[in-house]
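Visitor: What follows is a structure written as structure tokens; I'll ask about it next.
The values are calculated or read from the model by the stated rules, or taken from the named source; none is laboratory data. Predicted model, so just to flag it, every value in this text is computed and none were measured. All Cβ positions, even for glycine, are placed from backbone atoms using ideal geometry, and neighbour counts span all protein chains on display.
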Ligand SMILES: [Fe+2]
């Protein structure tokens with residue numbers, strides 16, 4: 001994508017975010033940030049009349065050696081902004097923060113949001129950003145999902161491979177996390193791009209069996225499951241992972257953190273993005289893409305493990321899996337949201353195009 005096309009894409013995105021003349025817009029960058037993104041966002045903000053500044057943070061001095069990986073998308077909550085008080089205070093003064101570092105699941109991001117700053121995370125390469133740019137009724141369909149999550153007390157996932165797990169909701173689910181790829185409300189976080197909806201279950205109140213099947217996707221590996229993985233969940237934690245190579249691989253990763261909270265059940269929801277590709281991980285450079293295709297594709301069922309500080313919980317573990325199931329079913333209080341991979345409710349389906 002040319003520099004001009006990238007600039008135009010970011011202008012369009014910032015227009016969706018309702019960036020206004022005179023508004024303070026911060027662009028946060030770090031050692032791994034794409035310089036073309038930093039430059040294009042600064043220029044796009046200026047085109048819209050915003051008062052733009054860029055805060056570029058160095059690699060932290062403190063060691064992250066205790067974590068088994070710092071790979072892209074595999075370490076969450078520890079960032080160049082971790083413990084950086086002056087940086088946090090400066091960013092809280094912005095109306096909008098363009099996060100090119102990846103603050104997701106960090107207490108610093110929560111603090112900045114609470115100050116009223118809306119936060120937009122951007123990681124994906126240009127072709128994915130352009131393909132999945134929010135469109136038409138994306139937001140309405142995601143918000144429809146959010147309303148249903150907010151009033152539900154039980155979420156159940158099943159699959160033909162043998163999955164049957166139930167999550168109790170209510171402790172954190174009255175304000176579900178909506179992702180539609182832009183943010184135009186004070187204090188609201190989103191990630192450009194992707195459309196999906198999710199929440200966190202009650203502490204210690206998810207139990208059942210998950211059977212991952214070929215074609216499901218495990219992040220941060222950015223790999224398809226190719227053989228069944230039988231996962232047992234009791235009282236909110238994974239208690240066993242059985243199967244062949246894929247199970248051994250998954251169990252090894254979780255064990256490596258030496259942290260019981262790595263096994264905790266975290267956010268759970270479903271994908272609503274018809275422009276996201278189930279097989280996107282086959283087409284990306286793993287070093288430079290985070291995998292929004294797999295996380296958001298229309299009709300997926302997405303569950304995760306690890307932190308829950310995003311919604312006020314106390315688990316700060318940097319270990320975080322996102323697991324996308326293809327062809328599964330998800331029910332809220334017995335009503336299907338996704339059935340065998342198809343979105344069911346009319347207000348979430350692609351009916352308006
Ligand atoms: Fe996640």
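Visitor: Quick test of your reading of the structure: residue 172 fulfils all but one of (1) at pLDDT 95 or above; (2) closer than 24 Å to residue 148 by Cα. Name the failing condition by number.
Guide: (1)
Visitor: While we're on this one: Working carefully through the options 101, 123, find the one that is touching a residue at least 60 places away in the same chain (Cβ under 8 Å), under 27 Å from residue 283 (Cα atoms), within 16 Å of the ligand (Cβ to nearest atom) and buried (at least 17 other Cβ atoms within 10 Å of the Cβ).
Guide: Only one candidate qualifies: 123.
Visitor: Does residue 30 fit the bill of being touching a residue at least 40 places away in the same chain (Cβ under 8 Å) and over 21 Å from residue 194 (Cα atoms)?
Guide: Yes; evaluated as a whole, the condition is true for this residue.
Visitor: If a residue has to be under 17 Å from residue 304 (Cβ atoms) and either touching a strand residue (DSSP E or B) at 6+ places or on another chain (Cβ under 9 Å) or assigned to a strand (DSSP E or B) (or both) to count, how many in segment 240-268 make the cut?
Guide: So the count comes out to 14.
Visitor: Further question: Tally the residues that are in contact with a helix residue (DSSP H, G or I) (Cβ under 7 Å, 6 or more places away or on another chain), part of a loop (DSSP other than H, G, I, E, B) and closer than 14 Å to residue 142 by Cβ, restricting the search to segment 185-201.
Guide: Residues in segment 185-201 being in contact with a helix residue (DSSP H, G or I) (Cβ under 7 Å, 6 or more places away or on another chain), part of a loop (DSSP other than H, G, I, E, B) and closer than 14 Å to residue 142 by Cβ: 3 in total.
Visitor: Then there is this: Specify the residue that is farthest from the chain's Cα centre (by Cα); the eligible residues are those in segment 218-239 that are assigned to a strand (DSSP E or B) and within 15 Å of the ligand (Cβ to nearest atom).
Guide: Top of the filtered list is 218.
Visitor: Where in segment 273-353 are the strands (runs of 3 or more DSSP E), entirely inside, with at least 2 residues that are within 16 Å of the ligand (Cβ to nearest atom) and buried (at least 24 other Cβ atoms within 10 Å of the Cβ)?
Guide: Passing ranges, in order: 301-305, 321-325.
Visitor: Over 21 Å from the mean Cα position of the chain (by Cα), surrounded by 20 or more Cβ atoms within 10 Å (Cβ to Cβ) and either within 25 Å of residue 341 (Cβ to Cβ) or modelled with pLDDT of 95 or more (or both): does that describe residue 210?
Guide: In short, no.
Visitor: OK, next. Taking the condition of being touching a strand residue (DSSP E or B) at 6+ places or on another chain (Cβ under 9 Å) and modelled with pLDDT under 95, how many residues in segment 124-168 meet it?
Guide: Number of matching residues: 1.
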